[in-house]
Structure formats: C-alpha cells, structure tokens
Amino acid sequence: MPQQIVHKVEPTPQPARRTEPYWRKMVRQRQLILMSLPMVAYVVLFAYGPIWGWMMAFQQYKPGFSIFDQKWVGFDQFRFLIMDEGFTRVLRNTIAMSVISLVLSFVTAIGLALLLNEIKKTGIKRIIQTISYLPHFLSWIIVTGLVSMSLSTEGGIVNIVLVKLHLINEPIVWLSEGKYFWGIVGATNVWKEVGWNTIIYLAAIASVDPSLYEAAEMDGAGRYRKIWNVTLPGIRPVIVILLILNIGWILNGGGFEIQYFLGNGQVLDYSETIDIFVLKYGLRIGNYSLGVAAGIFKTVVSIILLYCANVIAKRLGEERLI
Amino acid sequence: MQTTIKRSRTEPLVFHTINYLFMLFVIVVTLYPFLNTLAVSLNAGLDTTRGGIYVWPREWTLKNYDAVFQDGRVFHAFWVSVARTVIGTVAGVFLTAMLAYTISRKEYMYRKFVTLIFVLTMYFSAGLIPSYFLIKDLHLLNTFLVYILFPGAGAGLISAFNMLVVRTYIHTLPESLVESAKIDGASDFRVFMSVILPLCAPVLATIALFTAVGQWNTWFDTFIFASSRENLSTLQYELIRLLSSTVNSNANPNISSTAAKDTATMITPLSIRAAITIVASVPILVVYPFLQRHFVAGLQLGSVKE
C-alpha cells in the first residue's frame, strides 16, 4: 500500500508524458497500433475503398473503358433521378415501408415488453421469451418463404383462419395486390423481430428505480397508471436513442429481402425500393452511373437524417447518439 | 369497502388471464409457420398436396430429408455453408476481440479515430456497384474468400456493433488486472491473449452467435459475387433456387433437379422446400436457447452509450 501512494505522488511521469513526442508515443504504443492495424486496413479497403467508384455517378459510365477515360456529365445523373417519375415512386415506397415498419416495430415491441414485464413467473416468462426470439434467427429467405406460404390461397393459414372467422368470404390473393404490400412488409418485420426488440426495452424497464413504483402506489396509482406514469417515462431515453438509430436507416425501406423475395410484377409499383432500384440499374440493366447515383443519394440522405435526429434530440434535452 | 376489496382481487385475475391468453396467441403466431413447415417436411409429398397438414404429419416419412441429402448439390452447399460459418466466425471473433481491446485502452492514441471509422460503417455504405467493382478488381469474384471478406449483408470480418459490445464488456472488467499484468512486464498483445481473451468468454460466445448467424443466413454475397460457380453455392442460396420457382418472379425459376425428378416417387418441390428450410434453420435453433443469457446481456451492453 505505501508503495502505491509513493507512486501516485511522484511528479515526474505526468510532465514527461505531456511533452512526449508524437513518434515516441507511437513507438511506445506500437503493439496497440499493430493490433488494430489489420482491421483498420481491412475496413478502409473494403468499406471506404469503394468510394472511388462514386466518380461513376458523375460520368456516363461505359463498361470496357477505364474509369479515367469516361465522359464526365456533372450532376446530370442526379438531375435525371430527381426528375424521374420512377425514382420518385421508389422513394415513396421506401419511406412508406420504413415508416410503417418503424412505427409498428416500436409500438409492438414496447407493448410486448410491458406485458412480458407483468408476468411474474420467471420460468414461464423465460420460455415465452425464448420462443419469441426464434424468428430473429431465421434467414430472410426462410422468413419470406414462410410468409408467402402462410398467405397463399391454397391452404395458407391466414386465409383459412379469416374465412373460418367469416371475416372474409373467399381467400384473398395477398401478394398480388399492391394495396396490401406495405402492410405485409410491416407485419413481416414485426413477426421476425418483435421478440428480439423487447430485449432492450425489458432491460430498460428493469432498470427503472423501484422506489418510483412504490411512491406511485402510495399515491393510489393502479397498474395502468404506473405503466403510463412511471415505466414509459423511465424508458424514454432508450426509446429516443433507438428512434435516432432507426431514423438513419429510413432509406433502407424496412429491409431489402422482403421486397426482393415477396415483390412481384403485380405489386412492383408498391414494392420497389432504392436498394432494388440500384440492383436493377446496376446489375441487370447495366446503367452503373445511375445506380451509383441512387446509392450516393441514399447514403448522403441517411447521414443527414441521422445528424438531424441527433441535433433535434439534443435540443429537446434527450439522450443522443453522438 | 366490500366493492374495493372485490375489485382489487378480481382486477389482477382478469388482467393476468387476458395477458396469458395474449402470450399464448403470440407463441402460436410465432411458432405455427415453423411447425407447419416441420410437419410438411416429415409428411409424404403427395399426401401433403391433398392439404390439411397443420402441425402434425399424416403420413410420416423421412424421404424428403433423404432426397435433400442425396442431392449432391444441396449436400455440397451444406458443407460450404458450414465452412464459411466456422472460418468466418473464428476469424471474425478473434479479430473483433483484438480490435475491441485496443479501443478499450484509454491511453491508446488512435482510440477515437479507430472507433469512429468502424461506427460510421453502421450508416455509411459506398453502395453495391462500387463494392462489386472493388471485389472484381481484387480478383475475389467467384472465390471462397469473398464470403469471409465482403462486409455487409450480415457477414464480413467485423461488425461495429459487435466491436462495441466487446469493448463495453472489457470496460466492466477490473482495470487492475491489466495493470498488474503490465507491471509484470506483459506486452499489450500478451495481456490481450492471456488475460482479456479468457475473461471475455461469455461476450465472445455472444458475438460468435451473432457472427455465425450472419454467416449461415446470408445469401446476398453468393448471389452477387459467386452465383456462377456451382461449387460455391450455399444452403441459403439453394433454398432461393427452390423457393424462387414458386414464390418469386425476380429470380430464376430453377427447380432443383432432385425435386423435379422425384415427383413420381412422391417427393414434391413443396416437401423438398420444407425439408431444406428445416435443415437450414435447425443448426441455429438448437444453439441459441443455450446462449440466451449471454446474448441478452450482450445486447444490453451494446446499447450502452460511449
């Protein structure tokens, strides 16, 4: 113990460190640098490296020539995108499906977490939770397969149940009508992730100060009053953080695979999202420049949205991400 | 007086009854599609087409699974999936943990920079087409290596989220462990290997699960970068080839050779599909319940702010 005190009092290390030259610090931390270097190099090459390809968005790219021998067109691709009716529709679909999925996911996950929290038998609660996580671990191709099977007109469970309950007279061809598509995307997202999303909310609920509940009880608050006046305000910071995170992903359109696997010619006007637009222009039609321009649009808008959400949260005095 | 007592006793009862019924509903909705597929996969193909199979097979058979594993293509794809999952997970978990250790060291001069460039990847993407050109220029098209290296679509060597989870976990360990090891003359690499890594076992199990699930479930890299090489096909991609025949008009309508051939011997595309779905999901479904405690804790760590 005395030795430690002596160590702390010793004045020499602090000033020495402050004036330590940059290169000497690098030499001293060479092991830390070497340990992070492989992954940094990897992420710079694979995640940031492709940025040079953004040049294509300002060119009329023709395959077969080097990227430096292309015709430069400035912002023509972006101008074309914004004027294009097809792209406007794609943007509408993307935002609509994102917002529907976001709202449904938040409401259902918070609701399920609140209800799970009311189950006091830990064994039963754990079993329900384990089952509710299951769809999260299934791949999208399996999930969309299950969805299309459940919605089918030949023995699909959804139609069977609805007909038996006399809610509809005959089976609906769910996946062939545009007006149902956005709802199906939202419902699929909820089915796959609702259980998983409760994890964070349950943790947040568990960390609410128990004395607040006791105080509320003293004031005569019932179950619902406590949920409304104690639990929900208690988990508000978590809700806000997750909302900010998700606003940055709003141009993902509530996923890529759902639209890719469940979309079809009949619902194209409602199912096409930016990601699918890029895929179509990039790999199928071969108009790389337009595809890249759409991709840049998506990335830039996402970062702006994330930044704005963060600033707004800061203004409102809420927790924020960055 | 009497009414208030009565209400306080029946109100919880009504609430709990409704709550339990609701949970039952959630469980049924969650499990039914999966159990239905399981039943179809264990039911004779021709019999299934008569309809009325819900959660229990009518004519038990293992023929559908036989057909799946005798199809050389699917069998090979299964092993490609296993290989990419094992290699990708082992490499990814080790490298993620090592990186997380460096950014957990408060004295590390590039700590903020390293953290930032990884966290930005959660929102920033250069886009599909530029990535495709990069992979092409690196001569990684149609190689197994692209499965390990391509970041995005759930796979890739590192995920910023996993990195943050491990970093936060390391912060919960007592700092004195690292300091005393360093006083004993251990280098940072040594400290990481013999002190931090063993202590991180629970959180590493969590990110191993996340990484393995991503590797096992992804299909996009096969589709974009390796679809012309049949021997690089994965289980998920085989599933797409089968499903696309009935579900999706976007992709190629290819029915697996086995499924087409064996219709006569009572095996239908529907049954094959169900069997592959089960084969493709069971490996993960038997593992995750055992790691539940860890990944729940891990997710909570990941949500902690810097």
Fill in the blank from the handout: One finds the C-alpha centres of the stretch B:15-37 and the stretch A:192-215 to be spaced, in Å, by 21
Fill in the blank from the handout: P(r) over all Cα-Cα pairs of the protein assembly as shown, 20 Å bins from 0 to the longest distance, whole percent per bin, short to long, reads 16, 48, 30, 6, 0
Practice task
Any chance you could get the radius of gyration and Dmax over the Cα atoms of the stretch A:85-315, in Å?
Solution key: 20.8, 69
Exercise for the section: Excluding residues on the same chain fewer than 8 positions from A:LYS25, give the aspartates and glutamates whose Cα lies under 18 Å from its Cα. Expected result: B:GLU107, B:ASP188
Problem - Among A:128-140, A:29-41, B:20-32, the order from most to least packed when residues are scored by Cβ within 10 Å on average - result: A:128-140, A:29-41, B:20-32
Fill in the blank from the handout: With A:ARG89 itself left out, Lys, Arg at +1 and Asp, Glu at -1 over residues whose Cβ is under 12 Å from its Cβ give -3
Practice task
Find out how many positive minus negative residues lie around A:HIS136, taking Lys and Arg as positive, Asp and Glu as negative, among other residues whose Cβ is under 10 Å from that of A:HIS136.
Solution key: 0
Completion exercise
For the stretch B:8-82 (alpha-carbon point model, no solvent) the Debye-based log₁₀ I(q)/I(0) at q = 0.18, 0.19, 0.21 Å⁻¹ works out to -0.82, -0.86, -0.93
Completion exercise
Connecting every pair of Cα atoms under 10 Å apart in chain A and solving the GNM, the largest mean-square fluctuation among A:ILE227, A:ILE110, A:ILE276 falls on A:ILE227
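Tell me the Kirkwood hydrodynamic radius of the stretch A:81-194 in angstroms, computed as one over the mean inverse distance between distinct C-alpha pairs. Don't skip to the end; give the middle numbers.
Values: mean 1/r = 0.0607 Å⁻¹.
By the Kirkwood definition, the hydrodynamic radius is 16.5 Å.
Going down the table (A:LYS71/B:LYS136; A:LYS120/A:LYS192; A:LYS298/B:LYS106; A:LYS164/B:LYS63; A:LYS192/A:LYS314), which pairs top 29 Å between alpha carbons? Provide the component values of the computation, followed by the final result.
Values: A:LYS71/B:LYS136 22 Å; A:LYS120/A:LYS192 25 Å; A:LYS298/B:LYS106 35 Å; A:LYS164/B:LYS63 33 Å; A:LYS192/A:LYS314 32 Å.
Beyond 29 Å between Cα atoms: A:LYS298/B:LYS106; A:LYS164/B:LYS63; A:LYS192/A:LYS314.
Relative contact order of chain B, please, whole-number percent, based on alpha carbon pairs below 8 angstrom and at least 6 residues apart.
Averaging sequence separation for qualifying contacts and normalising by length gives 27 percent for chain B.
Using Stokes-Einstein with the Kirkwood hydrodynamic radius over Cα pairs, what translational diffusion coefficient do you get for chain B at 25 °C and a viscosity of 0.890 mPa s, in µm²/s rounded to a whole number?
Numbers: Rh = 22.8 Å.
Using the Kirkwood radius from Cα pairs, D works out to 108 µm²/s.
No lab work stands behind these numbers, since they all come straight from the coordinates. Nothing here was measured: the structure is a model prediction, and the numbers come from that model. Note that we place each Cβ from the backbone using ideal geometry, even for glycine, and neighbour counts take in every protein chain shown.
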